1. Counting helices only, and only those DSSP H runs with n ≥ 4, report the 222 nm mean residue ellipticity of chain A as the sum of -39,500 (n - 2.57) divided by its residues, in deg cm²/dmol to the nearest 500.
2. Give the separation of the Cα centroids, the stretch A:233-286 to the stretch A:69-131, in Å.
3. Residue by residue, what Karplus-based ³J(HN,Hα) values in Hz, rounded to whole numbers, does the stretch A:12-29 have, using 6.51, -1.76 and 1.60 with θ = phi - 60° and x for Gly and Pro?
4. Can you list the HN-Hα couplings for the stretch A:342-350, worked out from phi with the Karplus curve (6.51, -1.76, 1.60; θ = phi - 60°), rounded to whole Hz and with x for Gly and Pro?
5. Can you pull out the trypsin sites (Lys or Arg not before Pro) in the stretch A:10-65 whose DSSP state is coil and whose Cβ has at most 11 other Cβ atoms within 10 Å?
6. Measuring from a point 7 Å past the Cα of A:E487 along Cα-to-C-beta, which residues in the stretch B:517-540 have an amide N at less than 15 Å?
7. Rounded, prolate or oblate: which fits the stretch A:1-107 when a ≥ b ≥ c are the square roots of the eigenvalues of the alpha-carbon gyration tensor, with rounded for a/c under 1.5 and prolate only if a/b beats b/c?
8. Summing Lys, Arg as +1 and Asp, Glu as -1, what charge do residues with Cβ under 11 Å from the Cβ of B:L228 carry, B:L228 excluded?
Protein chains: 2
Amino acid sequence: MYKAPVEEIAFTLKHVAGMGEAMSNGLFGDLGDDLVDAILAEAGRFATEEVAPLAEIGDRQGARLVDGEVRLPDGWRDLYRDWIAGGWNGLTAPEAFGGQALPHIVNVAALEMWNSGSMAFALAPTLTMGAIEAVSTHGSAALKEKYLEKMVSGEWTGTMNLTEPHAGSDLGVLKARAERMPDGSYRIFGQKIFITWGEHDAADNIIHLVLARLADAPAGTRGISLFLVPKFLVNDDGSLGPRNDLFCHSLEHKLGIHGSPTCTMIYGDGRFGEEKGAIGWLVGEENKGLACMFTMMNNARLAVGMQGVAIAEAATQKALAYARERTQGKAPGWAGTGMSPIAEHPDVARMLLTMKALTQGSRAISYACAHAIDMSRRAGDSRHWQERAALLTPIAKSFSTDAGVEVASLGIQVHGGMGFIEETGAARYLRDARIAPIYEGTNGIQAIDLVTRKLPLSDGDQVKGFIAELKEIADGVRRSNLDGFGETAARLDAAIADLEQATAWLLKALADDRTAEALAGATPYQRLFGLVLTGCYLAKGGLAESGDGKGEGRIALCRFAAENLLAETAALRDRVVNGAASLAAARILLA
Amino acid sequence: MYKAPVEEIAFTLKHVAGMGEAMSNGLFGDLGDDLVDAILAEAGRFATEEVAPLAEIGDRQGARLVDGEVRLPDGWRDLYRDWIAGGWNGLTAPEAFGGQALPHIVNVAALEMWNSGSMAFALAPTLTMGAIEAVSTHGSAALKEKYLEKMVSGEWTGTMNLTEPHAGSDLGVLKARAERMPDGSYRIFGQKIFITWGEHDAADNIIHLVLARLADAPAGTRGISLFLVPKFLVNDDGSLGPRNDLFCHSLEHKLGIHGSPTCTMIYGDGRFGEEKGAIGWLVGEENKGLACMFTMMNNARLAVGMQGVAIAEAATQKALAYARERTQGKAPGWAGTGMSPIAEHPDVARMLLTMKALTQGSRAISYACAHAIDMSRRAGDSRHWQERAALLTPIAKSFSTDAGVEVASLGIQVHGGMGFIEETGAARYLRDARIAPIYEGTNGIQAIDLVTRKLPLSDGDQVKGFIAELKEIADGVRRSNLDGFGETAARLDAAIADLEQATAWLLKALADDRTAEALAGATPYQRLFGLVLTGCYLAKGGLAESGDGKGEGRIALCRFAAENLLAETAALRDRVVNGAASLAAARILLA
């Protein structure tokens, strides 16, 4: 059973992601170590003792559509009520609406734990937090006044309505339509698919944020507007009015996250009254909806990255516990009596250490991204930190979610035949994890974003400056003279050089308008970046003097990553720099 | 929907695996191209039109245990009857018992197609064929006379009963026991788990092959005997007698292959009569059961490899069809109207081409292994070919099954959000594929076998001779002077050099008794070998003059593999040669 790794989370957040230094520098006001530790400890307790025990029943029962209502798995309604009663939904929300205005990174750390407990459950607050962010950033004062407090408390949940059957990655072609009404409201019509937690019975109201198009809007992504469309209309005194003209038509039958209702939503077909059209209000300006949605999407991307970290952590814990208990055969050098624990077999040890390194690497990357977001709001050089967050977001999303799948799959393998049996629980992690590289922009879309929009930030100086910082970490390893690091310094040098060369090649290709060539290497580049960051952040952790007595283990894990996992960076650089021509030539096979 | 790639299969079998040359040399008697083509075409038709359409219902319904009886999914009983009526079960079985004594490779090709149609369904004949092999190789004349004809026809199916809850990879600790009876028969007692098709309603009888231990047997693997234990006792006239004392206690609830009943079998608890003990007969000699079981297991390992190939093929077909239809955005250079098919986007093209290359590579490796088995029985230098088959078996099993998982996972990714929806069918491939790297010896066990038992064959000359053959392929590419190959020759040279260095390092480590170090790199080495073979066999296919007009495509796929996938070989070699120390140091984290 999952046990929240509170100490490792606190360590990563303070000593690797940079929060400790920022706190020392007073950037977080009077927020101190003690409060952060207390919040993480309590979140860890709740995730371990309350959320995780209900994950399996959520998977087995799934969300069910009964007479147009979505029933959550047994116990989930109470779980959600208890969870919001703890104030967890508003950790980072504005104090004016009942939030605690804590740093983003604290919430991201908590999100990891909710997701390790149950990714399907954690999707509810994940979507609500995104909706809060969009409304608080772009909504009118009236909208904020009417909706935010209940959303921050979690009494009302939120959703994002983007996808339509023909419009997934390409939102420019969406067809949901909006009509202006004389009172300033709008009427929304259309079908939306894959709406996470679009309908359920745990909250009093559900606030849908819906992308739709006005009749006179320009074509493409510049003609999309964002609307707030509540399930129940809200009276001026805050009480709930009549049902709005929208409903959940069906639930998807999915590979994983069964407890999370994935809804097809129908807006404006007149089911709840004679007048057709779901009543909605504009968020932000007309035809500027996509920009508003991006406010949600960037945070959502990091939040999805946390799902990858979370599954990786939980799958690693499970596999390690099994590998310590299960005995088979005799490992070379085994001096004990009887059979060895399978963790003693070198191949199993390799799998477990790979799982640990990918988990800790993706955690560090994601927390660093969250810290950059915090710094962009609190530090002096906000543009630098905005860019750093922008650069890290696609890597945090893609590397972590790929790690989630890879680690969960390795976790099954460690369990042998038992891994394939559903009751063991290892298979659920793979089933749940498999959606994360897809939604919130597939990892291929993330790679396009990374290469074409993030590398060129500040004419390439942002990424170059980041690489320079990574070199300092490698230098630090060298200067440390610690035997435990083995060949780490040289390995980091080589990996960073691979990243530097690939980066330069891509920037040149973009400058030369060789976009197809650049995009051919975007995914290998993205993984290359993630691997280099994994090595560097593990090294930074190994170098940190936290005084928790775990330094030797951190250095050993860093060395394993440097001398085993980072061997891949040369191949990835090669694919970026030399792979495009053969890819283009082989496309005759796809015609 | 899956369509059997009969032409590509025939091409690979004849022009890559070596069957064409062997036929020309008269090693297969009067077996000619026409007959082979006709068999493959009819198998392809049956797999496409009869098996594949019942895969989804098999997955959805699964096998069910009702009142002690296992009910197969709707339609599967008739499907199985139709399948054996086609004579497919006895393709390679001895003619004396109704088989067709065809080359193993033809059956392996057919197995690919059954598994692409439905892996869960194909498991039934896969197990039966293994049982036929064991009985016909090691069984007494009386056992053969009584059982083989019905097993060859498929009227009776077969099983392998190895695993017990505490004895998976390590069979030496199994506890099932056997007692000698005065009439020469034995009584079997014990519990066996994970018994594929251990009970079902499609065959008149089920012939269980069961590993058990006599009371006076030596400890460990040298005290295991193999017994034939039929579900129904068979009278001397061949008619069925009373029920034997064994039954299916429960079915596993699994991640995939739902249609295949995975049974816990109980032997000898007296359910069907007053006298306890399942009646069985010895196969081979007492205490030599493991050697007999290995007869089944080696073929079973190649058969499991075919499951990987099969899933990879089916998943690739599905993803490619989707990627050609589905349009989103505009790919760079897209000159068509509206949105591009997603196959035009470089990142999607990379995924699809990776899927194609891994599918064709693992197919070629597996067919080459089957061909080596055939040659060991028909060519003059049988020892050489036995060793070649032995060397290729763990690679065929592991590389193909890893490819099955990787390709199925990429297939989901290509489908985007639809890939996560079960009705799409892409997710089933991943769920089914995930068991194949685990059973019949985990891929980690295969790697141990490859490094510690197969590399030392003929003092390392077998593997060295094989590498020399691979160099000739690379030379052939160079001599061909075909522009389409791009940098293939140089890439193959480098990859083969990586394999050669890693091989030499491992042989030295074994000679120096540094087993733990060798085993630390066994899995990377196994993948390295598979990747090199993929590149070389794709090149061999590209160089073949088959006259089917697909040469340009094959050369392009080879080039893609050489210039993109083979970039990984240096990293794998590095892990073998340099990875063990950091792995050993990091094991403090696993204590």
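Laboratory data are not the source of any read-out in this text; all were calculated from the coordinates shown. Fair warning: this is a prediction, and the values are worked out from it, not measured in the lab. Cβ sites come from the backbone with ideal geometry, for glycine too, and all protein chains shown count toward neighbours.
1. Helix-only estimate at 222 nm: -16500 deg cm²/dmol.
2. First find each Cα centre; the distance between them is then 21 Å.
3. 4, 5, 7, 9, 10, 6, x, 5, x, 4, 5, 5, 4, 7, x, 6, 10, x
4. Taking θ as phi minus 60°, the curve returns 5, 4, 6, 6, x, 5, 5, 4, 4 Hz for the stretch A:342-350.
5. Here no loop site has a sparse enough neighbourhood.
6. Answer for the stretch B:517-540: B:521.
7. prolate
8. Neighbour charge sum, excluding B:L228 itself: +2.
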